[in-house]
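**Q** Before anything else, here's the structure in question.
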Amino acid sequence: FPSHDNSGLISLGLLVFLLTLGPGIASNREVTLDTAILKFLHQVIPASWDQVFILIYKVTGKEVTAILILGSLIFALSKRYWAEAKCLAFATLGILLVIDQGFKPFFNRLRPGTFDANLASLVDVDGKSFPSGHAGGSLVFYFYMAFVLSAHFPQYRQLIYLAATVWVGLVGLSSYIS
């Protein structure tokens, strides 16, 4: 059987799904599901971990991530890894444009802790909450780096992907809690 690349069709389907779903989740009012998840996380994660999540949030912020991306691009270009550099540049730029310039203004959704002082953010964060550029950018960057590293070090592939999965999970959690 010939192989068919359905990625364009899948991407179009996801875009239509999000555009259809958008008006239902776009909100300047409290979203019950967000508040319930945040309350649950505050109940099961001890307050003593707050500083850990604040540190993770800050270490994976746009300033530090920009330095990591720039360093990765310089390294890839110096080694003449043209394809890797190009993919990294387009992926990270794509996240910035699609999430921060496209979806965030479209959904216009306030952060979950906005309406409850007990659920307020641990760090001072501006902007809307959904989708998370912080978590999305980390997902793209760290999993792409895991892909590149595992291609060069296949013997450590499982460990690399495990580390990336745990790290991205912590970043996502810190984005939600912080």
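The values are calculated or read from the model by the stated rules, or taken from the named source; none is laboratory data. Keep in mind it's a predicted model, so treat the numbers as computed, not measured. Heads up, the Cβs are rebuilt from the backbone with ideal geometry, glycines too, and the neighbour counts pull from every protein chain shown. Ligands, DNA and RNA are stripped out before the accessible areas are found, and what is left, the full protein with its side chains, is counted by its heavy atoms. Shrake-Rupley method; radii C 1.70, N 1.55, O 1.52, S 1.80 Å.
**Q** State the extension gain, in nm to one decimal, for the chain segment bounded by K58 and L12, taking 0.36 nm per residue of separation less the distance between their alpha-carbons. Mind dumping the intermediate values first?
**A** Numbers: separation 46, 0.36 × 46 = 16.56 nm, distance 3.37 nm.
Working it through step by step, the gained length comes to 13.2 nm.
**Q** Could you list which residues have their amide H under 5 Å from that of R109, counting only those 5 or more apart in sequence or on another chain, with H placed in the peptide plane?
**A** For R109, whose amide H was placed from the backbone, the distant partners under 5 Å are S27, S129, F130.
**Q** Quick one: order R109, R80, R157 from most to least accessible surface, probe 1.4 Å.
**A** On the way: R109 20, R80 170, R157 135 Å².
Highest to lowest solvent-accessible surface, that is R80, R157, R109.
**Q** With a 10 Å radius around each residue's Cβ, average the other Cβ atoms per peptide and rank 68-77, 35-44, highest first. Walk me through the numbers on the way to the answer.
**A** Numbers: 68-77: 15.1, 35-44: 12.8.
Listed from highest to lowest mean packing, they are 68-77, 35-44.
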